[in-house]
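Any read-out appearing in this document is the output of simple, stated calculations on the displayed coordinates, not a laboratory observation. Since this is a predicted model, take the numbers as computed values, not measurements. For neighbour counting, all protein chains shown are included, and Cβ atoms are generated from backbone atoms with ideal geometry for every residue, glycine included.
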Amino acid sequence: MADNVFIAFQNNSEAQPIIEAILEDNPSAVANESPGMVKIDCPGRLVVRRETVEEKVGRDFDLQEMHINLVSLGGNVDEDDDEFVIAWNT
Amino acid sequence: MAKPKRIGLKEKYSLMTRGLDWETTYQPMDEVFPYDNYEGIKIVDWDKWEDPFRLTMDSYWKYQSEKERKLYAILDAFQQNNGQLNITDARYMSAVKLWIQGITPLEYAAHRGFAHAGRSFRGAGARVACQMQSIDELRHAQTQLHAFSHYNKFFNGMHGFAHMRDRAWYLSIPKSFFEDAMSAGPFEFVTSISFAFEYVLTNLLFMPFVSGAAYNGDMATTTFGFSAQSDESRHMTLGLEVVKFMLEQHEDNVPIVQAWLDKWFWRGYRLLGLVGTMMDYMLPKKVMSWKEAWEIYWEENGIALFHDLSRYGIELPRHHEVASKEKNRITHELWSTLYQYGNALGLHTWVPEDEELDWMSEKYGTEFDTMYRPRLEFFREREQAGERYFNNRLPMVCQVCQIPVFFTEPDDPQTQCVRIVEWADTKHHCCSDGCADIFRREPEKYVQSLIPPQQIYRGECGGATNIFEYAAWLHLEKDVDTGEFNGSPDHRNWEAWAAEQPTPQSNSDEAA
């Protein structure tokens with residue numbers, strides 16, 4: 001069984017569409033809410049897709065905007081214009 | 001109309017940031033970069049450095065400015081609306097005091113450390129990442145000071161944090177941690193701070209502290225914390241990148257990195273004992289137990305990370321299983337220590353309410369019920385009889401982590417754990433095998449540790465001859481900044497302010 005990667009965001013309205021996009025694009029992802037924060041765990045690999053976020057947020061979106069509301073993450077990061085990927089190499 | 005084709009993020013980043021450095025000819029490279037070879041780390045090709053977050057300076061300023069604007073707007077609102085009245089109760093302030101005394105100076109130390117590392121690496125990518133981190137850490141020191149400055153108007157103990165930093169016995173725990181890193185070479189520095197502390201262990205610092213703040217009505221700290229955490233994600237990736245880079249560049253680096261991971265996992269874990277104690281004891285409204293946090297953020301997330309690194313030949317850090325064995329104990333052992341040395345602490349301590357003791361029984365089970373709860377209830381009896389227990393002697397502290405030597409044997413919670421290491425005809429005392437191993441590996445370093453109780457006995461602390469004179473030398477006022485919470489000015493003020501608050505009105509019809 002793959003180890004979990006995770007990503008955590010502030011629990012505010014700006015981060016909401018990003019969280020929704022992640023849960024849609026990563027069927028095995030599970031979101032856990034605690035005061036002020038949402039932590040998403042996912043086995044092995046998690047992708048944040050710009051296109052999906054744009055659908056949710058209703059405007060053009062630069063994935064680097066994530067920096068404003070990102071709290072923490074666990075896994076190896078790879079980033080380009082279209083996808084922000086967190087994965088373990090195991 | 002079709003959008004004009006733009007180059008992708010990876011290519012743009014490469015064009016903007018690569019090829020801007022050069023091989024020096026007026027001075028040899030080794031003279032320009034005198035610190036990045038002596039640790040024995042071999043770098044064959046600095047061009048293989050990969051920036052995981054491809055953040056150019058303009059993006060950096062843009063996103064950091066936005067975070068600052070949001071943060072200071074919230075701090076303004078917090079101050080204008082008397083946010084300090086929304087905390088659960090004034091005992092919570094011990095967590096804030098611990099933060100400004102113990103952690104804020106570390107942010108400043110990190111700023112300096114990364115500035116040094118940012119000058120020391122001969123690879124441009126690593127230098128830029130360290131320089132950005134240096135600015136981030138200064139930002140953290142500043143934003144913490146701003147967030148906490150409002151509390152300083154209403155609660156005691158925080159005024160002297162800068163003075164206390166180099167003098168208080170318990171603050172030598174975080175101080176020595178960082179100075180150990182700052183006096184190492186640049187590769188060890190980044191491994192210890194960006195990787196071991198900010199990747200492996202950061203979640204155990206920020207998630208509990210900041211969630212704890214949110215649970216206890218402290219909007220200022222919550223907002224600061226989440227704002228800083230987004231910077232931390234960059235730091236974490238820098239840490240992981242440095243470790244992977246070293247491991248991939250040369251196989252000779254593997255044993256050096258493993259030794260650093262063993263050392264810094266243990267030093268970081270010991271330091272986090274203070275955070276665990278804060279979680280279990282200083283938060284009137286609990287988030288989760290230290291034990292639970294350790295299980296999620298180390299046993300699950302941390303170990304996953306080491307599985308990932310195992311393909312380079314890296315193993316789980318030495319003594320990690322001891323940390324898991326101790327997870328039921330260290331916070332209770334540490335709280336008893338802080339409680340009894342209350343006359344030299346810049347924050348209050350107390351015996352928790354029965355409701356809180358019941359929570360600990362539930363979270364920690366038989367070990368708590370048989371070994372720690374009875375002691376706390378005994379402390380309470382003493383307090384109620386007008387003989388609140390204080391230990392006015394000085395503790396022996398560990399030569400490495402500088403925590404008082406109160407931990408117990410990993411396999412026997414009823415026996416004190418002490419390890420004596422003899423070196424150069426002197427006996428040095430450590431709290432554990434973890435710290436003893438660290439001492440033995442670099443004894444010339446740790447014999448230079450500045451140990452507060454030893455310094456007090458030598459007369460170096462203002463000539464103090466007792467604990468009260470020592471506290472005065474720390475600029476702490478007796479029973480105002482120090483001592484028992486119950487009956488303190490913080491406590492009495494809190495009750496007075498609560499009495500002034502309007503009682504919440506019910507929305508329902510009285511008669512219904």
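State the three equivalent ellipsoid semi-axes of the stretch B:260-358, derived from the C-alpha gyration tensor as the square roots of 5 times its eigenvalues, in descending order and whole Å. Write out the running numbers ahead of the final one.
Values: eigenvalues 184, 46, 18 Å².
They are 30, 15, 10 Å, listed largest first.
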Rounded to whole Å and sorted largest first, list the principal axis extents of the Cα atoms in the stretch B:314-403. 55, 33, 20
Among B:298, B:288, B:256, which residue has its Cα furthest toward the positive end of the charge dipole of chain B, with +1 on Lys/Arg Cβ and -1 on Asp/Glu Cβ? B:256
The lysines whose Cα lies under 24 Å from the Cα of residue B:445, excluding any fewer than 8 residues away in the same chain, are B:42, B:175, B:263, B:427
Given charges at Cβ of Lys, Arg, Asp, Glu: the protein assembly as shown dipole, positive-most of B:133, B:434, B:207: B:133
Report, in degrees rounded to the nearest 10, the 0 to 90 angle that the Cα long axis of helix B:253-277 makes with the longest principal axis of chain B. 20
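Roughly what % antiparallel, to the nearest 5, for the DSSP beta bridges in chain B?
On the way: 8 of 9 bridges.
So the antiparallel bridges amount to about 90 percent of the total.
Is there a quick way to get the dipole size of the stretch B:32-494? I mean about its Cα centre, with the Cβ of Lys and Arg at +1 and of Asp and Glu at -1; what is the value in debye to the nearest 20?
Details: 46 positive and 65 negative charges, 211 e Å.
Around 1020 debye, computed over the stretch B:32-494.
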Between residue A:5 and residues 5 or more places away or on another chain, which pairs have amide H atoms under 5 Å apart, with H built 1.01 Å from N, and which residues are they? A:42, A:44, A:45
Just report the Cα centroid separation between the stretch B:348-398 and the stretch B:304-331, whole Å. 30
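Rounding to the nearest 20 debye, state how big the charge dipole of the stretch B:1-129 is about its Cα centre with +1 on each Lys and Arg Cβ and -1 on each Asp and Glu Cβ. Walk me through the numbers on the way to the answer.
On the way: 19 positive and 17 negative charges, 130 e Å.
Computed about the Cα centre, the dipole is about 620 debye.
For A:37, B:182, B:132, what ranking results if the residue with the fewest other Cβ atoms within 10 Å of its Cβ goes first? Display every interim value, and only then the final one.
Working: A:37 24, B:182 17, B:132 21.
Placing the least packed residue first, the sequence is B:182, B:132, A:37.
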Could you state the angle between the C-alpha long axis of helix B:354-364 and the longest principal axis of the C-alpha atoms of chain B, as a value from 0 to 90 degrees rounded to the nearest 10? 40
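So for B:433, B:490, fewest C-beta neighbours within 10 Å to most, what's the order? Walk me through the numbers before you get to the answer.
Details: B:433 16, B:490 22.
With the fewest neighbours first, B:433, B:490 line up as B:433, B:490.
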Among B:78, B:493, B:28, which residue has its Cα furthest toward the positive end of the charge dipole of the protein assembly as shown, with +1 on Lys/Arg Cβ and -1 on Asp/Glu Cβ? B:28
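Based on the Cβ-Cβ distance of residue B:131 and residue B:396, what FRET efficiency does E = 1/(1 + (r/R0)^6) give at R0 = 45 Å, to the nearest 0.05?
Values: r = 41 Å, r/R0 = 0.91.
FRET efficiency, residue B:131 to residue B:396: 0.65.
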Name the long-range amide H neighbours of residue B:341: under 5 Å, sequence gap of 5 or more, or other chain; modelled H, no Pro or chain starts. B:391
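Got a sec? How would B:400, A:53 order by Cβ neighbour count within 10 Å, fewest to most? Provide the component values of the computation, followed by the final result.
Details: B:400 30, A:53 24.
Placing the least packed residue first, the sequence is A:53, B:400.
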Against the longest principal axis of chain B, how steep is helix B:330-340, in degrees 0 to 90 to the nearest 10, with axes from Cα atoms? 50
At a Förster radius of 30 Å, what calculated FRET efficiency corresponds to the Cβ-Cβ distance of residue B:415 and residue B:162, to the nearest 0.05? 0.15
